[in-house]
1. What FRET efficiency would be calculated for the residue pair residue 354, residue 303, taking the C-beta separation as r and a Förster radius of 56 Å, to the nearest 0.05?
2. Starting from the Cα of residue 313, step 7 Å along the direction of its Cβ; do the same at residue 164; then give the gap between the two resulting points in nm.
3. Using only Cα atoms, tell me the angle between helix 83-95 and the longest principal axis of the chain; keep it within 0 to 90° and round to the nearest 10.
4. Relative to 2.2 N^0.38 Å, what does the C-alpha radius of gyration of the chain come to as a ratio? Two decimals please.
5. Where in region 123-162 is the amide nitrogen less than 17 Å from a point lying 7 Å along the Cα-to-Cβ axis of residue 66?
6. With the convex hull built on the Cα atoms of region 16-157, state its orientation-averaged projected area in nm².
7. For helix 377-387, what angle does its Cα long axis make with the longest principal axis of the chain, in degrees from 0 to 90 and rounded to 10?
8. Separation between the residue 91 and residue 265 pseudo-spin-labels, each 7 Å from Cα along Cα→Cβ, expressed in nm?
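Throughout, read-outs are computed from the coordinates displayed, never taken from laboratory work. All of these numbers come straight from a predicted model, not from anything done at the bench. Methodologically, a virtual Cβ is constructed for each residue, glycine included, from the backbone with ideal geometry; neighbour enumeration extends over all protein chains shown.
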Ligand SMILES: [Zn+2]
């Protein structure tokens, strides 16, 4: 069995704010600093890149596709790993607050790029503690005295091996042994998912690494839950740039592919439980098909029949069975999607994906589609899960993919 550690999924970070950007305040929000260990800060390239980075960070103009300091040739917007930083900066520009950017290095790397590494820190109120909020790598090029920044993955796409299988371009970490048969299964899954969503197959980049630590090296962000732990499970989808990041040591990751379709067809119009539910129903989770997770939930409910399952917020966690593999959201979200499909086919899912993002919207949708009242939600889920046929341990193994 795969190591029992959690999946992390960043599906669609809330970027609604991105379309309303204001002029920066007169007081700098970003306290800019070059770390004392840096010894090449007098070099021309260092000065040019550093000055441009400072201007970019203070521009409060990040997500539009026409910031002159960002390069958009390959990807539509800055990659998903940068977005928590950029959104945090936006909040500070609007609501106040300061963050310190310490440049830890600017060095030439391959293909005429420069690596720029920055650490973002913030003083915690009323204590002497300083938090490290972000450790970020961006890549830069200087062309005719003009500096432009690039997504980390664009750099690695150029310097690491790429393998194209159908419409999927794999960008392969050098320690990863690529499995063509898994890639071919991924291609078939992509075609199948496209059919279900009544779309042409999406072509996308698929970043593949043995674990989340290697994956972190290939993104521009080096401080998230599993940046430094070799966890061979988990990944995320950048649905704006059509990139799957897989730290699960596999060329097959249908769950994340489903997110590319849900977000391409109905971006940010449905509740996250619908998006996760349909992704888990079609593509499983943590390396197992959904039937495996439903059986885990069934066994748990037999042991703990009184477990409270009424509040969605309380259910944003793993089933407390000691395995850290089955997220309630995925198991429950998927059975709800299954029930909708039984009644209305995929059309019902398309409607659910457009039914609004709030919890109230989710329960209105359940009432309308499945005639389930909010107060009966937990009871309904338990009843449906307990109706499922038990699965033996031997058969359970077959659900690993
Ligand atoms: Zn997901």
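1. Calculated transfer efficiency: 0.90.
2. So the label points at residue 313 and residue 164 sit 4.9 nm apart.
3. Orientation of helix 83-95: about 70 degrees from the principal axis.
4. Rounded to two decimals, the normalised Rg is 1.05.
5. So the set is empty, nothing qualifies.
6. For the Cα atoms of region 16-157, the hull's average projected area reads 9.3 nm².
7. 60
8. 3.2
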